[in-house]
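Okay, so here's the structure we're looking at.
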Amino acid sequence: MRPIDNKTFVLASHNKGKLREFSDLLAPFGYTVRSAAELGLPEPEETGTTFEENARIKALAAAAATGLPALSDDSGLCVDALDGAPGVYTADWATKDDGSRDFMMAMEKTEKLLSETGADTPEKRTGRFVATLCLCFPDGETEYYRGEAEGHLVWPPRGTDGFGYDPVFQPLGHDVTFGEMSAEQKHGWKPGDEHALSHRARAFQKFARARLGAA
Ligand code: IMP
């Protein structure tokens, strides 16, 4: 496997939440991240039709611009009764005409479509959050690590702790939504823990095992 020869990644994201999360996850391994925003990199348009394609577009742009290995993540919510929608368009469903984001609007849209299918039991309302993490070298060589969190959608939304669609997603085996969990409970994972709960943490866990020597 191709070695990573320095201890700094560029994180191909302008999102402060993702920066904090990745910094926390990488710190135990002695790696640091610099964000695309801090380095003044433009945000490329996400024109892919899969999580992998969008993750690659972001990571490749950041790696090529900086000469550093780049990490990116592309994620979304896939609802079975909606044939996997909103999927790669999860963020778009929350985007208003003026460009701002409204996740209550997005959750209402998802719920309206879901109830039109007659999905009135947890079994008919299943779905998963998916996250694909991409490691990209400046010459364009890429690796992907995918994590999924299974669960079902609830209505009305519950909890104020998370972001995005967290208040309507109840992960399998839990009786609270992601929005009712602490960040530590949802994303937390440190070397030695067997499982992470969230899709992003699971993708990171695979990456850390393959690339950072995690147990
Ligand atoms: P992106 O990965 O930055 O393209 O954004 C994907 C979209 O999926 C975001 O708008 C989030 O709202 C949503 N999303 C991804 N992961 C989560 C999560 O853990 N909780 C809630 N929403 C999420």
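Computed from the coordinates by the stated procedures, all read-outs in this text should not be read as laboratory data. All figures in this text were calculated on a predicted structure; none of them were measured in a lab. Using ideal geometry, Cβ is built from the backbone for each residue, glycine included, and neighbour counts are taken over all protein chains shown.
Between Asp175, Asp139, which is within 30 Å of Ala65 (Cβ to Cβ) and more than 11 Å from the ligand (Cβ to nearest atom)?
Asp139
Keeping to region 94-110, report how many residues are buried (at least 19 other Cβ atoms within 10 Å of the Cβ) and either more than 8 Å from the ligand (Cβ to nearest atom) or among the polar types (S, T, N, Q) (or both).
Looking only at that region, the number is 2.
To keep it simple, each residue is scored yes or no on (1) in contact (Cβ under 8 Å) with a residue 40 or more places away in the chain; (2) exposed (fewer than 15 other Cβ atoms within 10 Å of the Cβ); (3) over 16 Å from the mean Cα position of the chain (by Cα).
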position	(1), (2), (3)
Ala149	yes, no, no
Val154	no, no, yes
Gly164	yes, no, no
Gly188	no, no, no
Asp193	no, yes, yes
His199	yes, no, no
Ala203	yes, no, no
Ala215	no, yes, yes
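Consider only pairs whose beta carbons are under 8 Å apart and that are at least six residues apart or on different chains; among these, list those whose first residue lies in region 131-146 and is over 11 Å from Phe51 (Cα atoms) and whose second residue is surrounded by fewer than 22 Cβ atoms within 10 Å (Cβ to Cβ) and among the polar types (S, T, N, Q).
Short answer, once both residue conditions are applied: Leu135/Thr142; Cys136/Thr142; Pro138/Thr66.
Answer with yes or no whether Trp189 is part of a loop (DSSP other than H, G, I, E, B) and in contact with an Asp or Glu (Cβ under 6 Å, 6 or more places away or on another chain).
Criteria not met by Trp189.
Looking at region 68-93, which of the residues that are within 15 Å of the ligand (Cβ to nearest atom) and of a type in the set (D, E, K, R) is surrounded by the fewest Cβ atoms within 10 Å (Cβ to Cβ)?
Going through the qualifying residues, I end up with Asp92.
Out of region 17-46, which residues are exposed (fewer than 13 other Cβ atoms within 10 Å of the Cβ) and assigned to a loop (DSSP other than H, G, I, E, B)?
Gly30, Glu38, Gly40, Pro42, Glu45
Checking Gly164 against (1) farther than 30 Å from Leu60 by Cα; (2) part of a loop (DSSP other than H, G, I, E, B); (3) touching a helix residue (DSSP H, G or I) at 6+ places or on another chain (Cβ under 6 Å): exactly one of these is not met. Which one?
(1)
For region 47-65, give me the residue count where each residue is touching a strand residue (DSSP E or B) at 6+ places or on another chain (Cβ under 7 Å) and either part of a loop (DSSP other than H, G, I, E, B) or not acidic (Asp, Glu) (or both).
So the count comes out to 9.
Would you be able to say whether some residue in region 203-214 is of a type outside the set (Asp, Glu), in contact with a helix residue (DSSP H, G or I) (Cβ under 6 Å, 6 or more places away or on another chain) and more than 14 Å from the ligand (Cβ to nearest atom)?
Looking through region 203-214, at least one residue is of a type outside the set (Asp, Glu), in contact with a helix residue (DSSP H, G or I) (Cβ under 6 Å, 6 or more places away or on another chain) and more than 14 Å from the ligand (Cβ to nearest atom).
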